[in-house]
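Below: the structure, in structure tokens.
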Amino acid sequence: MNRLAAPLLLALVGLAISSCEGRSQRAAGALPERNQQQPALSGNGRLLAVISERRGRPSVQLRDLADGRLLPLPQLKRHQPHSSPSLSWNGRYLALITQRGQRRLAVVADRLTGKLHPLPLPGRRDPIRLSLAPDGRQLALQVADQGQWRVELLDLSGLLEADRPGGERRTSASAEPN
């Protein structure tokens, strides 16, 4: 019985190891011909923002993963280069870093209204990297300030309405979880 068990056990171990291979799959609608960097996925997994070269400048592209089409971002065309994209839950808000002249700016694009909200930073702080909360109400921002790196949290609740998961509504302040 032991003679039969050893080859069977060896075959099962080999099968288990071969099925554990890491596999990667190209995202639907990915652009194979372009150099893509800094991916950001919306909280619901439907939208993908990436930075890729367009006309020699890093530019954000927003792709609907359901059908692979690129979504327009007209409010960002004049504000390049782009870096560090971050999306809210449904992708209504796209936060990123852009440049105007020699100055780097953190901005939030509201895709529903078409508005671009520049986020002023006091002093000579330059934004380096950012991360938008899924509901769009807070932004974590890495800044460079006089040679020091620091992370700041910005409250955007007075500027943006919440981007909540589909169907979720809050009707009163008492509905807040404890």
Filter result for S131 (touching a Lys or Arg at 6+ places or on another chain (Cβ under 7 Å) and of a type in the set (G, A, S)): no
Qualifying residue in segment 70-79 (condition: under 14 Å from the mean Cα position of the chain (by Cα), under 18 Å from E161 (Cβ atoms) and buried (at least 16 other Cβ atoms within 10 Å of the Cβ)): no
Filter result (surrounded by fewer than 18 Cβ atoms within 10 Å (Cβ to Cβ), in contact (Cβ under 8 Å) with a residue 12 or more places away in the chain and either among the basic types (K, R) or in a loop (DSSP other than H, G, I, E, B) (or both)) within segment 80-102: Q80, P81, R100
Test set (1) part of a strand (DSSP E or B); (2) within 13 Å of the chain's Cα centre (by Cα) - G136 fails condition number: (1)
Any pair with Cβ under 8 angstrom, 6 or more apart, that starts in segment 115-143 at a residue that is of a type in the set (S, T, N, Q) and ends at one that is part of a loop (DSSP other than H, G, I, E, B): Q138/L156; Q138/S157
Qualifying residue in segment 112-133 (condition: in contact with a His (Cβ under 8 Å, 6 or more places away or on another chain) and surrounded by fewer than 15 Cβ atoms within 10 Å (Cβ to Cβ)): no
Flag if D64 is modelled with pLDDT of 95 or more and over 23 Å from P39 (Cβ atoms): no
Residue pairs meeting the criteria (Cβ under 9 Å; at least 6 apart or on separate chains; first under 16 Å from R69 (Cα atoms), in segment 32-58; second among the acidic types (D, E) and at pLDDT below 90): R34/E53
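The values are calculated or read from the model by the stated rules, or taken from the named source; none is laboratory data. On a predicted model such as this, the values are computed, not experimentally measured, just so you know. Every residue, glycine as well, gets a Cβ built from its backbone with ideal geometry; the counts of neighbours run over all protein chains shown.
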